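For reference, the structure is listed below as structure tokens.
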Amino acid sequence: MVWDPQQYLKFSGHRLRPAVDLLMRIPDFGPRAIADLGAGAGNVTKLIKERWADASVTGVEGSAEMVEAGRKSAPDVEWSHEDLGHWRPARPYDLIYSNAALHWLPDHAALFPVMEKVTPGGTLAVQMPRNFTAPSHVLIGETALDGPWRPKVEHLVTPPPVEGPAFYHDLLAPMSVNIDIWETEYLQVLEGENPVKEWTKGTWLTRYLDVLAGDEKIAFEAAYGARIAKAYPKNAAGQTLFPFRRLFMVAQRKG
């Protein structure tokens, strides 16, 4: 995927809130080495650095565009441009934090031994969207399968990438104590023209648009836009209400 930081940050306030909610649930245990996986443009990474100013903070990000933006946003953070799916750190971290990133990776049963990279007594803190059965995401798949572009994009229509809370509890339990897992559905009040389309264009829709080009790309976005505008109509005040479910987990590694 080619990430567009400006598109992603159009809704920076809404995207930042769950990241801060996760950050505030982490105990203040004085971590010295911290990794932010999927650090994006660094707007959360710099908050991590502000909270633990004396810690060494590394932002790990697979998008060169996001890393460039992150280095400008959080210059006192060490930045590592690498694919999260191949992240093999040379050292463990006292805190591994990841906001809205790990859902991009497959096979979570194999992924979540990432706890092995946390120091004994350290913490893993993860937030992932779990909105994939909502119209915002389902209609992307429907659009992909209903048009001349189908042969190019149908391979992207896959089952939801994030499992339920109990799945992650069972993965983390053997190596963890004090596991805290919860879900929150935010009722996001969006402004502007067809804002749910613009929201997904900064994330999940990008996978599809990157595969297409020219008039076909424009037509796909327009077809999805028409569907999504009907699914999320404006209210009497001209606002669009966009419920969005997110899954959180904070787990301490056994000492």
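The values are calculated or read from the model by the stated rules, or taken from the named source; none is laboratory data. Predicted model, so just to flag it, every value in this text is computed and none were measured. Cβ atoms come from the backbone with ideal geometry, glycine included; neighbour counts cover every protein chain shown. In case anyone asks, the SASA skips ligands and DNA or RNA and just uses the protein heavy atoms, side chains included. Shrake-Rupley method; radii C 1.70, N 1.55, O 1.52, S 1.80 Å.
Per-structure values
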item: Condition check for residue 139: more than 22 Å from residue 195 (Cα to Cα) and open to solvent by 20 Å² or more (accessible area, probe 1.4 Å); result: no
item: Criterion (more than 19 Å from residue 19 (Cβ to Cβ), at pLDDT below 95 and out of contact with any helix residue (DSSP H, G or I) (no Cβ under 7 Å at 6 or more places or on another chain)) met by exactly one of 178, 235; result: 178
item: Output for the stretch 160-195, where each listed residue is over 17 Å from the mean Cα position of the chain (by Cα) and in a loop (DSSP other than H, G, I, E, B); result: 191, 192, 193, 194
item: Some residue of the stretch 29-46 being farther than 18 Å from residue 77 by Cα and not β-branched (Val, Ile, Thr); result: yes
item: Qualifying residue in the stretch 144-165 (condition: over 27 Å from residue 242 (Cβ atoms), crowded, with 21+ Cβ neighbours inside 10 Å and not charged (D, E, K, R)); result: no
item: Pair list, Cβ under 8 Å, 6 or more apart: the stretch 25-48 residue within 18 Å of residue 250 (Cβ to Cβ), other residue in a strand (DSSP E or B) and open to solvent by 40 Å² or more (accessible area, probe 1.4 Å); result: 25/180; 27/252; 33/56; 34/56
item: Scan of the stretch 114-152 for residues that are part of a loop (DSSP other than H, G, I, E, B) and either within 30 Å of residue 48 (Cα to Cα) or among the acidic types (Asp, Glu) (or both), ordered by number; result: 130, 131, 132, 146
item: Some residue of the stretch 13-25 being among the acidic types (Asp, Glu), part of a loop (DSSP other than H, G, I, E, B) and surrounded by fewer than 17 Cβ atoms within 10 Å (Cβ to Cβ); result: no
item: Enumerated helices (runs of 4 or more DSSP H) restricted to the stretch 29-113, each holding at least 2 residues that are β-branched (Val, Ile, Thr) and open to solvent by less than 30 Å² (accessible area, probe 1.4 Å); result: 45-51
item: Pairs with Cβ under 9 Å, 6+ apart, first in the stretch 135-153 and closer than 13 Å to residue 204 by Cα, second of a type in the set (S, T, N, Q) and open to solvent by 60 Å² or more (accessible area, probe 1.4 Å); result: 141/158
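The rows are residues; the columns are (1) more than 20 Å from residue 136 (Cβ to Cβ); (2) without any contact (Cβ under 8 Å) to a residue 40 or more places away in the chain; (3) among the basic types (Lys, Arg).
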{"position": "170", "(1), (2), (3)": "yes, yes, no"}
{"position": "183", "(1), (2), (3)": "no, no, no"}
{"position": "202", "(1), (2), (3)": "no, no, no"}
{"position": "212", "(1), (2), (3)": "no, no, no"}
{"position": "225", "(1), (2), (3)": "no, yes, no"}
